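> One structure is given below, represented as structure tokens, and several questions about it will come after.
The values are calculated or read from the model by the stated rules, or taken from the named source; none is laboratory data. Note that this is a predicted model, so its numbers are computed, not measured. Virtual Cβ from ideal backbone geometry, glycine too; neighbours counted across all protein chains shown. Surface accessibility is based on the protein's heavy atoms, side chains included, excluding ligands, DNA and RNA. Shrake-Rupley method; radii C 1.70, N 1.55, O 1.52, S 1.80 Å.
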Amino acid sequence: MNKSVSVECEAYESLPLKFKDNALVLQLAGEHNANLRIIEQALDVKIHLRGNQVTIQGSPHDVQVASRVLKELYGLLESGLPIYPSDVESAIQILSANDRTRLRDIFLDQIYITSRKRIITPKSVAQKRYIDAIRNNDIVFGIGPAGTGKTYLAMAMAVSTLMSKKVGRIILVRPAVEAGEKLGFLPGDLVEKVNPYLRPLYDALYDMMDLEQASKLVQRGVIEVAPLAFMRGRTLNDSFVILDEGQNTTSDQMKMFLTRLGATSKAVITGDITQIDLPNGKVSGLIEAKDLLKGIKGIEFVFFSERDVVRHRLVQEIIKAYEAKEKERHRGRYAEGN
């Protein structure tokens, strides 16, 4: 009995942390200590706050990770960056995966400040790598599951580049794939039929900019949102071009898009190769490009995983469940073939 108690005590640690600024500690804790609760639930620790002192209790490993999370987040607050619950969740994921990563190297890389005064920064190691790739290359592919910020961060980089007059226009492109519905049976003219496919790009744009400002730029053609088919025959000079849902392009469409790029232009292609809506027998242009273009200087591929999901925390679990199902299906097909 005594031996059992001794082993349990050895696996338990209590670590006090003292911070200088009481006001920043309150921000660190969050409203009604919400940020501390997130850390407690994610790392299976108990956190007690008293004044400017925080005490963490739990297993040695979990206590050390929680301590690092709190210290790193406090450092961000000292730098003037506000902390939201989603930032706490991101910090836990980043530091749990690699305790040598410094949050300031990621979170303080300011991309753009929206019309609502919200600062857009990377929230994972992969997102930081993605932003750096866009800065340093003319063509970047962002490949990974939904919710990893591929399109949103590309949009932030595009708007930032336009506002700093590094390019003259933004062109946002999406393939209009008939996923379960025939365009011919939908009401309205061609523009009205393809507009629903472009809605996510408008949503991201209006989240970055004031609605009136964005609408004026669209009307003037400084920002263009169009289906991929409208790019044929054009040369896109002095532009920041985003091709969203690239997995739904055919081989010919991807080649057509990539060869539109003109002088002083950048292109970002995003997509999720696990969600292809092309008809059976059609090769995804994104999958082909991934194999065909790797190793070419000036083109970079950045891959995201479920760990980079920045939507609701349950989205990660949903993606994991579907990926496990897909792996099981592939194993079944392999067994049948043998």
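> Closer than 18 Å to residue 271 by Cα, modelled with pLDDT of 95 or more and within 13 Å of the chain's Cα centre (by Cα): is that true of residue 143 in this structure?
Judged against the criteria, residue 143 is a match.
> Do you know which of the residues in the range 32-49 that are over 28 Å from residue 148 (Cα atoms) and at pLDDT 95 or above is least open to solvent (accessible area, probe 1.4 Å)?
Out of the qualifying residues, it is 47.
> Could you list all residues from the range 84-97 that are closer than 14 Å to residue 308 by Cα and in contact (Cβ under 8 Å) with a residue 24 or more places away in the chain?
Passing the criteria: 86, 87, 88, 89, 90, 92, 93, 94, 95, 96, 97.
> Pick out, from the range 193-287, the strands (runs of 3 or more DSSP E) lying fully within it that include 1 or more residues that are within 17 Å of the chain's Cα centre (by Cα) and crowded, with 18+ Cβ neighbours inside 10 Å.
Result: 239-243, 266-271.
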